[in-house]
Structures are given as structure tokens and as C-alpha cells.
Amino acid sequence: MRRGVTVSRRGVLGSSLALPVTLGGFGEANAAPVASADLHWLGDAPPVAPGAAVWGTSWPRGAVKPKTAMTAIGVDGQALPLQTWPLAYWPDGSLKWTGHAMAGAPGKGFQVKPGKPVSPGKPVQVRETPERIEVVAGDLVCQFARAGGTLIERVSLAGRETLRGGRLVCLNQTLPPDDLGPRETQVFDGVIQAVTVEQRGPVRAMVRFDGHHRGAGRDWLPFTVRVAVDAEGRLALTHSFVFDGDSNKDFIAGLGIRFDVPLTDELQNRHVRFAGEGEGMWGEAVRNLPGWQPTKFALADKFPDQLRGERVPDLAAMDAKTRDQLLTVPAWDGYRLFQGDADAFAIDKRTNTKSSWLHADHGGRAPGLGYIGGVSGGIAFGVRHFWQRHPTGLEIEGATTDAATVTLWLWSPQAGAMDLRHYSDRAHGLEIQYEDVEEGHSTPLGVARTNQVFLWPVAATPPRETLSAMARTTAEPPLPVGAPAYYRACGVFGVWAPVDRSTPVKAKLEAEHERLLAFYQREIEQRRWYGFWDHGDVMHTYDEDRHVWRYDVGGYAWANSELVPDLWLWTAFMRTGRADVFRMAEAMTRHTGEVDVHHLGPFKGLGSRHNVSHWGDGAKEARISQSLLRRHYYYLTADERTGDLMAELVDADHALAEINPVRKVAGKTSYPTQARSGPDWFAFASNWLVAWERTGDTRWRDKIVKGLDAIAASSNGMFTGPPFGYDPATATLYDLGSAFTGSYHLVTIMGGAEFVFELDGLIDDPAWAKAWTRFCAYYSAPLAERQAALGPRAIDRYFAYPVWHARLTAWAARKLNDPVLAQRAWQEFLSEGKGGKTSRPAPIERVAGVSVLDPIDEMANVSTNQSSQWSLNLFELLALVGDAAPATLPADWE
């Protein structure tokens, strides 16, 4: 049952009426929820290549009990092979999210519901011995090592070995890339420290490797590699590493995954393929038939067959003349595709290591797929986000020998070494450059990157059309999703609602958001926000004078999750179901959760505030690392790596014992450290929320309640602070007896509001509900009312950014059933403040000529802070007080 508490309204809009504050989840599920999920393919793009689909499905509260078996049913009524595991639980113990792997994926939609699952025709099985782990999926047998430097010992298909010696490689240089002095290239090989079987089939088995790279007398670069083997015969690898070197001495010159491919066919029946843009495919035989001399070569008519990858005669089947002629044709031993930047790749080949490389072809953006093998079988391999994460490479050596060596370069040696040093050796001033730099803090120590790789063992060289389909799958793996209305009915992810164009005003507001979002999508392309470390992030603030983003100006450069663009994009996807928005949000989550966060070292568990370098800022805070920013991706995709990142953060608050977030602006206290209610404590609490819902362990809930009650009972409730005393050992907040007299807006705009909105209905805490609703009602209230409630120190000029806090007023309006507050919320959103300036995103204008390097489209002085908060407030006002939206927009909106 829901419980109500009474909040005094005295002073709120001049009323002393007492109204109930309703507790319970926004959009709470019906009393008798239906346990079935209708799913479709993201972007209406069903699988076109072999591989199990993996995703997460949400469920209404109380609909599905733990350990409930699940089945998948296609549109034809046939059951599909399905594997299910829990991802999260509701407070009542029922399933909130489940992870799934499905084989035999249908071309159209399907339904998941309780029921007995069916197994694949060739179920995946795991066999373990003290020496190795063996995963079997029909004719596919994969053997994994438990120790040493080889992760994948052997992969065979129908008894034929197609891959062996899967291993990791790193090349390191000790001098910066621009230092032309004598340098040593150190070679490091991955070494296993631990192996875990995380899933055992029947659709998908998962083997996890943890270790370090070893060489030059040391171990460094810790890695986690997961290898999933599915019933469709594909291996999916997730490769993660953490940088733990010295950025002044360690310059990674190559980082990759390497394996050997046994070759038994004669050279004219061996083939290499590289995918290009669109359906493009480069392909040749290791030794081409000389079809260009049809009158002199007896097998010239077989050249088209060879180019298709079909079998041509062996040497023994040729007459002596033909055989001798063919043996004069060069055989190509080495091949490489190098993606040096976002717009250009080159393909080279060579006959041997003593000879030069020959330029073979070139193109724009390679999807990262290649193939090496023969008519008797081989391996197709794909690296996701290949051109976006340049400099990357695909390299094949030994194609003329009995085993070719393939290296998938996540950082290609052809590019030169990466340089992770900070962009400057001194600070440049917070007041002018907005740069918060502190000695020893501008370090990449602990930053990480994750990449995905796909391997397809095949029994023969696939047709080019098949390889092209594999390339599309590599670039955008198929993903089952639900409709926005389904997720909304499940009550997940707090306050939001599907797109609403029910009135002319709402339609205009939705159109404005689409225009703003499209601008950022174009900016990613226009500004080429790509590269190994940059891909996924966006910039913070625009420089209208230079017609560029402030890429070189302190905290105005990379956004690093400031004011949660992550939540903006994920909520935009939840509302629309658009595939392009999902892919943009996915890339940002992959970046901000890995590159912008320290995963080891003194700042472990904290992220770096926005800066010219992703890791360059002196402020290391939980507002960047918090799990609130990763939950959508984890629950929608069941991505294990993202689960790891969130699990790492349960004790992130302990980092405050050494890194006090207000150390530069507040004096020391008698407490171990200090924490603001927001963004610090709310970030910690979001980590605990994820731990609670993933495990059902109520000790995490109790930590949240403890903090909520401490804030509610403090001298000024949510207006206390901003800092509290804090003891990480006991997760205790201590009231310092102060009240912020100005608008300390970071309390809610770094995800604090979204976090608290989602707590409604998960935690029943009347004292907290009263304190929060009071805060929401008064934060942007007229000065007289605010001072009546908070005292005369509540100076009006400090309570700024009304458009960023309109959602608070809307929340109070919804909870207090107050139409006047609802109208005020819309007024706050539609104007910037006292001057009445519109909050509408600026127009987009074309700039050309000598003022710019190339013609561009720009939005003058656009700020990602404003864009993110404007969008989130729009979404939340439409969901909370949409019925109170005005009939017309201000004149300057028209």
C-alpha cells in the first residue's frame, strides 16, 4: 500500500493548506501486471550473420518471481532457444530486469514470457579439467587455457583446427612520439592470472580471463577479456585494459589481439578479405591465377571462380606447363589494413618481410572486418567501432606458410605511439581558463578502454555477401528492445514518458528537442569527435568567436558527463526507441565509464571533471563515475563489462578519505572528510541503488535510507550545506549547521534529481519525502516565499538557472496536486530568468569563408550543460505536469 504524509504548505504560494504527499513509484505498474514482453529489433535491423542475440528485458513490479523460467516465442508461435539470468530485482523480490541470450533469432519481433525454454539444436556445453576449459557447440570446439600467455588454445570446426594461440600483445616505447632519439620498443605479452566460467549455456557460454601484460622485467596493463561462445558458432570477445604506467615514460605503440590460423590449402586456394564502406569488399587469393593472360594460361577462365573464393584446381591436377606458369606468379605473405583517421584507410600487401609493402587499395571508413583462410576453412574477424576508434589495424602475416598470424590492432603501430601526457606542464587559472588543475592529478593512471571483437570460424571461404553481412553485424550488433510504452508500463528509470505531440505546443517543444539532438549528432561528424580515447564524448562549450568548441580552454573542453548528457541521451532513447540515439548513448557510456574514470590508483572509484585532457582536471569526483550513468546500458544490453564497472563503485565513497571534494573551498572539520548531499552523496547512493537492485541485499538500501534520513533531519533539510561532515567507514553524514543561502545547483543537476525521482516508490520514507518536496517547492519560489521559509539570507540573485530546476517545481506540483506550481514550472522552463530571455535552443547558422577552415553549421554559444539540462527538464515536465503545458509559447519561440 501507499502511505501518505502531510506537508505544511504555509508560505508556498501564500497557502497554508495541507495536502498529501503521495509516496510510490511514478507510473507504478498495475495491480495485476502481465508478465510478457513484446520485443523487436533495434532499428528494425534483424540479425544477418550468425551469432546469439544478447539483451536485457524489464518487468513490472511483482510480475515475475525469482527463478522463473522464460521462453521466447516467434510470430509464428514457435519457441526459440533462450537462456535467461537475473539482472535486477524490485524491492519485493520480483524480477526487475532479466538478461537473455537467444539463438535462431527471427527476422521479425518475438515475445518473452514465463515458460519452459527450448534448447538449441546444438546446445553449448562446458567441460573443465585442471589444465583447460573446453566449450563445445555442436561441431565447434573451443579450448581455453587456465595459465600462461595463451588465452584461446585451439578452436576447431568439424574436427579441423581453424584457430590457435589466441593471445594479447602490447608494444611500448620509452620516448615520446616526437622524440627522434634512439628508442627501444618493448614487447609485452598477456599473462593469465585468473580464469572464471561465468556462463555455461545452453545458448551461450562465457569464459573470463584476468591478467597483466608481461615483458621488459615487469607486469603492467591489467586486462579483462571475456570470450563468449554461442550456439550459432560465433566467438564474441570483450577486451578491457587499464593504463597503470607512467605517462612520461610509457608510450604504447601497439595494442592488440593476436592468433594463428592454420592453413592447409594450396596458395591459389587461400583467400584474404577486407571489408570497406557500405557493401564494399576487397579480396584476393594469396596467389592469384593470371587470368589477365587467357591465351597463355590454361586456367584463366577459373579466375572469376577464384575471386569468388571457390575452389580452383590443385597443383597436382594441373599439367606441368600450367603448374610452372602459376609458380611464377607472386605469392603474397603479408596483408594489412590501416585506419589512420576517421576518413581514410589503406590496404597494403607484401611478398615477404625482406621486401617492401605494396599499396593495394584505399577507402574511407572500414567497418573492421577481415578474413584469412582457404576453401577448406578459415576465420572471419571483426573489430567493432573500428574507424571511430582509430588508429586501428588488421594485419595478416604468414599467409604463405602453414599458419597465418592475425593481429587485430586496437592501436596500430603504423600510427606511432600514443601520448597520454597532460597537454600542459602547468595550470592555467580557474578564473580565466576555467581550469582546475592540482599537482599530481592530471594523470591517466587508472583510465581504461573496452573494445569488442567477433570471430566466426567457417568451413570454407564465405561469399563476399556473407562477409559483408558479418561486417554490418560487427558495426552494429543486432539488439532486441521493447517499445517505449512497454518500458514506461514497467516503471523503470524514474520520471519520463514517451514522446508527446498531443498539442501544438508539445509538438513544437518535441521538434525543438529533435533539432537540438540532431545538431549534436551532426557535430560529432562535423568536428570528427572520434579516436581511440575520444570516441563517445562531446565537447562542453562553444566558442562563437573562433567558430569552434573550446577544445583548448580548461574545463570548457571535453564534457566528461558534466550535467549528465549521458542521462539526456538515454532518456531520449527510452522516449523514442530510435536506434541512432541508442548508438550515440552507447558510445558515450562506453567512453565516460572507462576513459573518464580512474579504475586503480589513488583516485580509484572517482572520475575526472571536464578538461582539455579527459583525465586532466584536478577535481576527481563521484559525479562522473556514478552508476546512475551506466544503468540504462547495462540493463538494456546485459553487458558484463558495464556490470563490472558498477560493481567497482560500491565503496567509491571511501576515496573521499583522501580526496575531499570541497577541500579548496571549505575548511577542515573534525570529521574524516566532507561530502555534499549532491553531487557527492547522491552519486554514492546511486552506486548503492544498483548494488541493491542487482543483488537484493538490503544493506545497500539501508545505507541509502541512513543518508536520506540524515539529510531530512538536518538543520535545514535539503537546504543544508552544501557540505556535510562524512565518515566513509560508517556512511554517516553529519550536519555542520550551515544552510546554503545561494543556489548550490550541483545538488540536483548532476543526476541528483533523476536519482531521487526514481527512489520514489522504491523506498518508503515519509520524513525524506517531506524534506524533498519542501526543497522542490521552494527552490525556485518567489523571493518573499523563499525567505519566509528559509530566512532572509536566501538571496534572490543566487537562485539561478530556473530552466535547470523547473523539474523540481514540477515534482512538487505533482506531489501536492497544485496547478499553480505546475504553471510556474512551465514558466521557469520557458525562460532563462528575470530578463525573460527564452531558453529555446539557438538557431543553426551556416558559416563559410575566411573565418573558418571549412564551411560549418554552428549553434552560437551552445553549451552541453544547457543542452542536457534543457532536454531533461523538458522530458520531466512533460511527464510530471504535461497537462499544465501552456496553450501558446512565448513570442520569441515562434
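The values are calculated or read from the model by the stated rules, or taken from the named source; none is laboratory data. The structure displayed is predicted, hence computed values, not measured ones. Please note: Cβ atoms are built from the backbone with ideal geometry, for glycine as well, and neighbour counts cover all protein chains shown. Side chains included, ligands, DNA and RNA excluded: accessible areas come from the protein's heavy atoms. Shrake-Rupley method; radii C 1.70, N 1.55, O 1.52, S 1.80 Å.
Between H654 and D210, 0.36 nm times their residue separation minus their Cα-Cα distance comes to what?
Working it through step by step, the gained length comes to 157.4 nm.
What is the ratio of the Cα radius of gyration of the stretch 510-552 to 2.2 N^0.38 Å, where N is its residue count, to two decimals? Provide the component values of the computation, followed by the final result.
Numbers: Rg = 11.5 Å, N = 43, 2.2 N^0.38 = 9.2 Å.
Rounded to two decimals, the normalised Rg is 1.25.
Which length gain, in nm to one decimal place, applies between R146 and E279 when the Cα-Cα distance is subtracted from 0.36 nm times their residue separation?
Stretched fully, the R146-E279 segment lengthens by 43.9 nm.
Evaluate the relative contact order of the stretch 508-651 (contact order divided by residue number), counting alpha-carbon pairs under 8 angstrom at least 6 apart; express in whole percent.
Reported as a whole number, the value is 19 percent.
At a threshold of 8 angstrom on Cα-Cα distance, excluding pairs fewer than six apart, so keeping six or more, what relative contact order does the chain reach in percent?
For the chain, the relative contact order is 12 percent.
Residues in the stretch 298-332, backbone N under 15 Å from the label point at A460 (7 Å along the Cα-to-beta-carbon vector): list them, ranges by number please.
From the stretch 298-332, the list is 305-314.
Out of every Cα-Cα pair in the stretch 541-662, what percent are more than 27 Å apart?
Roughly 21 percent, once rounded to a whole number.
For V612, enumerate residues with amide H under 5 Å from its amide H, sequence gap 5+ or separate chain, H modeled in the peptide plane.
Close amide H contacts, sequence-distant or interchain: G554, A557, W558.
Kindly give Rg over Rh for the stretch 490-537, based on alpha-carbon atoms, with the Kirkwood expression for the hydrodynamic radius.
Using Cα coordinates only, the ratio equals 1.16.
Taking the simple approach of a point 7 Å from Cα along Cα-to-Cβ for both R132 and D580, what is their distance in nm?
For R132 paired with D580, the spin-label model returns 4.8 nm.
In nanometres, what is the gap between the two model label sites at T838 and D857, each 7 Å from Cα along Cα-to-Cβ?
With each label placed 7 Å out from Cα toward Cβ, I get 1.9 nm.
Assuming 0.36 nm per residue, please report the length gained on full extension of the stretch K354 to T196 beyond their Cα-Cα distance.
52.6 nm
Provide the per residue accessible area, probe 1.4 Å, for the stretch 211-341, rounded to a whole number of square angstrom.
37 Å²
Indicate the gyration tensor shape class of the stretch 228-385 (rounded, prolate or oblate), computed on the Cα atoms with a ≥ b ≥ c the square roots of the eigenvalues: a/c under 1.5 is rounded; otherwise a/b larger than b/c is prolate and the rest oblate.
It is prolate, given that a/c is not under 1.5 and a/b is the larger ratio.
What are the aspartates and glutamates whose alpha-carbon lies under 17 Å from the alpha-carbon of K249, with same-chain residues fewer than 8 places away excluded?
Those aspartates and glutamates meeting the cut-off are D178, D179, E184, D219, D419, D425.
Using the Cα gyration tensor of the stretch 549-602, with a ≥ b ≥ c the square roots of its eigenvalues, what is the shape: rounded (a/c below 1.5), prolate (a/b larger than b/c) or oblate (neither)?
Values: a/c = 2.64, a/b = 1.53, b/c = 1.73.
Judged from the Cα gyration tensor, the stretch 549-602 comes out oblate (a/c at least 1.5, b/c at or above a/b).
Report Rg/Rh for the stretch 816-881, rounded to two decimals, where Rg is the Cα radius of gyration and Rh the Kirkwood radius.
1.16
Can you tell me the dipole magnitude for the chain around its Cα centre, using point charges on the Cβ only (Lys, Arg +1; Asp, Glu -1), in Debye to the nearest 20?
It comes to approximately 1900 debye.
Given q = 0.07, 0.09 Å⁻¹, what are the Debye log10 I(q)/I(0) values for the chain, with equal point scatterers placed on the Cα positions and solvent ignored?
Calculated log10 I(q)/I(0) at the listed q: -0.59, -0.96.
Remind me, what semi-axes does the stretch 333-439 give for its equivalent ellipsoid, largest first in whole Å, using sqrt of 5 times each Cα gyration tensor eigenvalue?
The equivalent ellipsoid of the stretch 333-439 has semi-axes of 39, 14, 13 Å.
Based on alpha-carbon atoms only, what is the radius of gyration of the stretch 134-211 relative to the globular estimate 2.2 N^0.38 Å?
Numbers: Rg = 17.5 Å, N = 78, 2.2 N^0.38 = 11.5 Å.
In units of the globular-protein estimate, the stretch 134-211 measures up at 1.52.
Which value results when the Cα radius of gyration for the stretch 668-770 is divided by 2.2 N^0.38 Å?
That ratio works out to 1.02.
Separation of the stretch 716-730 and the stretch 222-258 by C-alpha centroid, Å?
A separation of 40 Å, based on Cα centres.
Take the Cα atoms of the stretch 221-316, find their three principal axes, and give me the spread along each one in whole Å, biggest first.
So the three principal-axis extents are 63, 39, 33 Å.
Whole number please: convex hull volume per residue, Cα atoms of the stretch 768-888, in Å³. Please list the in-between numbers first.
Numbers: hull volume 17.0 nm³, N = 121.
Value for the stretch 768-888: 140 Å³ per residue.
Which GluC sites (Glu not before Pro) does the stretch 154-250 hold that lie in a coil by DSSP with at most 10 other beta carbons within 10 Å?
E184
Once you have all Cα-Cα distances for the stretch 34-187, histogram them in 10 Å bins from zero and send the whole-percent values.
Per 10 Å bin, starting at zero, the Cα-Cα P(r) for the stretch 34-187 comes out as 9, 26, 23, 21, 13, 7, 2 percent.
Students often forget the sequence filter, so: which lysines lie under 18 Å Cα-Cα from K664 once same-chain residues fewer than 8 apart are removed?
Cα-Cα hits under 18 Å: K620.
Any idea how far the Cα center of the stretch 479-556 sits from the one of the stretch 335-364, in Å?
Cα centroid of the stretch 479-556 versus Cα centroid of the stretch 335-364: 36 Å apart.
Looking at the calculated P(r) for the stretch 201-247, what percent of the C-alpha pair distances fall above 13 Å? It would help to have the intermediate numbers written out before the result.
On the way: 673 of 1081 pairs.
For the stretch 201-247, the fraction of Cα-Cα distances above 13 Å is 62 percent.
Return the whole-Å distance between the Cα centroid of the stretch 424-469 and the Cα centroid of the stretch 559-623.
If we compute the Cα centre of each part, the gap is 12 Å.
Taking the stretch 283-342, which trypsin sites (Lys or Arg not before Pro) meet the DSSP loop condition and have no more than 15 other C-beta atoms within 10 Å?
Sparse-neighbourhood loop trypsin sites (Lys or Arg not before Pro): K296, R308.
Per-residue ellipticity at 222 nm for the chain, helices alone: DSSP H runs ≥ 4 residues times -39500 (n - 2.57), over residue total, nearest 500 deg cm²/dmol?
After summing the helix terms and dividing by residue count, I get -7000 deg cm²/dmol.
Rank-order 170-183, 711-724, 627-640 by packing density, defined as the average count of other C-beta atoms within 10 Å over each peptide's residues, highest first.
627-640, 711-724, 170-183
For the chain, with the dipole built from +1 on Lys and Arg beta-carbon atoms and -1 on Asp and Glu ones, taken about the Cα centre, which of P304, L39, A460 lies farthest toward the positive end?
L39
Could you tell me the calculated FRET efficiency between A887 and A485, based on Cβ-Cβ distance and R0 = 25 angstrom, to the nearest 0.05? Walk me through the numbers on the way to the answer.
On the way: r = 26 Å, r/R0 = 1.05.
FRET efficiency, A887 to A485: 0.45.
Of W804, G278, V595, whose Cα points farthest to the positive end of the dipole of the chain (charges on the beta-carbon: +1 Lys, Arg; -1 Asp, Glu; origin at the Cα centre)?
Of the listed residues, the answer is W804.
Extending each Cα 7 Å along its Cβ direction at D425 and V665, get the distance between those two points in nm, one decimal.
Distance between label points: 3.2 nm.
Need the list of aspartates and glutamates near K349 for cross-linking: C-alpha distance under 15 angstrom, and skip anything on the same chain fewer than eight residues off.
E284, D333, D361, E395, E397
Would you please give the FRET efficiency between K116 and V847, computed as 1/(1 + (r/R0)^6) with r the Cβ-Cβ distance and R0 = 41 Å, to the nearest 0.05?
Numbers: r = 62 Å, r/R0 = 1.52.
E(calc), rounded to 0.05, equals 0.10.
Of the heavy-atom accessible surface of the chain (probe 1.4 angstrom), what whole percent is carbon and sulfur?
It is 52 percent, rounded to a whole number.
What is the Rg over Rh value, at two decimals, for the stretch 433-586, using alpha-carbon atoms and the Kirkwood definition of Rh?
1.04
Cross-link list K506/K815; K668/K706; K116/K703; K108/K508; K321/K354: which exceed 27 angstrom alpha carbon to alpha carbon?
K116/K703; K108/K508; K321/K354
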